[in-house]
């Protein structure tokens, strides 16, 4: 009996060559709509599905392959005599290969100002049904969803190596493909933040040499609709492949630098900022970020929210940096930085407000999901519990420090002065310890500086340590039962304190 292949593809890349080769191998081709026309125009003989089923396409093409002649031919178990007898009784010929890819739902979603009607019409029904049927019947049927597999399939057919193992791999790809397709549809129509089931889908961007440590395996996946302000959409201009730790740190740097509107530079190590600087131009901002901690920036990741110019590039070249990210590099700046073989240079759009809507953290047996910490405060929401209120200059530095401390691992303390971090205490088991680290790093620079804390002070000891170092203003969420103790300590030392009413824990 002649072998049969059903071909119905939206993505018609290389389909003529593939179909022609199958034809030459003795396959009888069945096809539909635009694919059928494309094949016949190329001189490839093909049977129309409607000639097979006896029914013309219906409902503007919504129904054309949903028919027992099609699905019976795909799903019949060739080892079951009852199945074969039923095919014979109903005049159905088995289908040995299904080559289908789907309406472009993701691409439709990405279109600007796309209508709901257009979105709905680009939900494929018959395609997934045929693919899943073929994949389910992998013992007898080859399911093909990816044009990239055409050459390998032809080679396997010629070598008679297209066995169940190969068909199982192809079937797995089909199920992954239809699962992602359905996930995008489900997520588009789901309005609840946390529905009863939560489906995520990602596409492999690259394999990584290893994870956090050499004994761990890893890969980098991106969301199919990754925003432009994301590492997944970055354009690498120079340098070796990113590592697992590079990606973690680079993502942290992007999220921090996006907090600031003026020219800014952020240096990150181990997902904490070692230095943040804001100035009138990028050169000044990078100088501040470097001076904030000239030791920790070595081997660090730097993100800038302005194009990197020649002067900034020259300063960057003087030290060892793993990665530099910016919206753009001038031609001369690129020439300077690419003199360093291993530095990675990434162009990425940097805009505030494009964080992922949800953050996922794996735990044994499950996953924690929360909305992203995009919380911000306005000046009207602040309260001033102390006798002294911050000056205009102090208020500017408090705002700068509050944006920074949000991105520091808890317990977190950030000291700042003149739009520059001068001390960062991160990831400590108690807040006094975090403050001690930040104050020690700042040294004499703490005189006249401000302090930001990611959470409230349950004890006044952090305030006292800050006061003795010369801190003049503090910003913190407030809300502790012992707030008054900290307020009294501020009043004793003449420190202004500001309550935000918002906590920024980062574990």
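Enter the angle in degrees (range 0 to 90, nearest 10) between the Cα long axis of helix 392-405 and the first principal axis of the Cα atoms of the chain, meaning the one along which they spread out most. It is inclined by approximately 40 degrees.
Going from the residue with the fewest nearby Cβ atoms within 10 Å to the one with the most, 108, 312 rank 108, 312. Using C-alpha pairs below 8 Å separated by at least 6 residues, the relative contact order for the chain is 8 percent.
Of all beta bridges that DSSP places with both ends in the stretch 235-372, some 70 percent have antiparallel geometry.
Measuring spread by the Cα atoms of the stretch 358-507 yields a radius of gyration and Dmax of 15.1, 51 Å. Length gained on full extension, residue 236 to residue 488, computed as 0.36 nm times the residue gap minus the Cα-Cα distance: 85.5 nm. With R₀ fixed at 30 Å, the C-beta to C-beta distance from residue 361 to residue 146 puts the FRET efficiency at about 0.40. The calculated FRET efficiency for the pair residue 393 and residue 139, based on their C-beta separation and a Förster distance of 60 Å, comes to about 0.20. Here the relative contact order of the stretch 194-281, from alpha carbon pairs under 8 Å that lie six or more residues apart, stands at 19 percent. Taking every DSSP bridge with both residues inside the stretch 375-499, close to 55 percent are antiparallel. For the stretch 4-189, the alpha carbon positions stretch 51, 34, 34 Å along the principal axes, listed from largest to smallest. How high is the FRET efficiency between residue 212 and residue 320 when r is their beta carbon distance and R₀ equals 22 Å, given to the nearest 0.05? The value I calculate is 0.60.
If I compute volume of the Cα convex hull per residue in Å³ from the structure I just sent, which labelled value in [x] 147; [y] 213; [z] 199 lines up? Calculated volume of the Cα convex hull per residue in Å³: the matching label is [z].
Per-residue Cβ neighbour counts within 10 Å put 290, 55 in the sequence 55, 290, beginning with the fewest. Taking only the C-alpha atoms of the stretch 183-263, Rg followed by Dmax gives 15.6, 44 Å. The angle between the Cα long axis of helix 431-442 and the longest principal axis of the Cα atoms of the chain comes to about 70 degrees, rounded to the nearest 10.
Give the angle, between 0 and 90 degrees and rounded to the nearest 10, that separates the Cα long axis of helix 15-24 from the longest principal axis of the Cα atoms of the chain. Between helix and principal axis, roughly 30 degrees.
For the stretch 235-372, the relative contact order comes to 23 percent (Cα pairs under 8 Å, sequence separation of at least 6).
With coordinates expressed along the principal axes, the C-alpha atoms belonging to the stretch 235-372 extend over 49, 31, 28 Å, beginning with the largest. Placing pseudo-labels 7 Å out from each Cα toward the beta carbon at residue 165 and residue 17 gives an inter-label distance of 2.7 nm.
All C-alpha pair distances within the stretch 118-174, sorted into 5 Å bins from zero, spread as 4, 20, 25, 22, 13, 7, 5, 3, 1 percent across the bins. From least to most packed, judged by other beta carbons within 10 angstrom and beginning with the fewest, 400, 18 follow the order 18, 400.
DSSP beta bridges fully contained in the chain are about 55 percent antiparallel.
Just so you know, all these numbers are worked out from the coordinates, no wet-lab data involved. It should be emphasised that the depicted structure is a prediction, and the values quoted were computed from it without experimental measurement. Cβ: placed from backbone, ideal geometry, glycine included. Neighbour counts: every protein chain shown.
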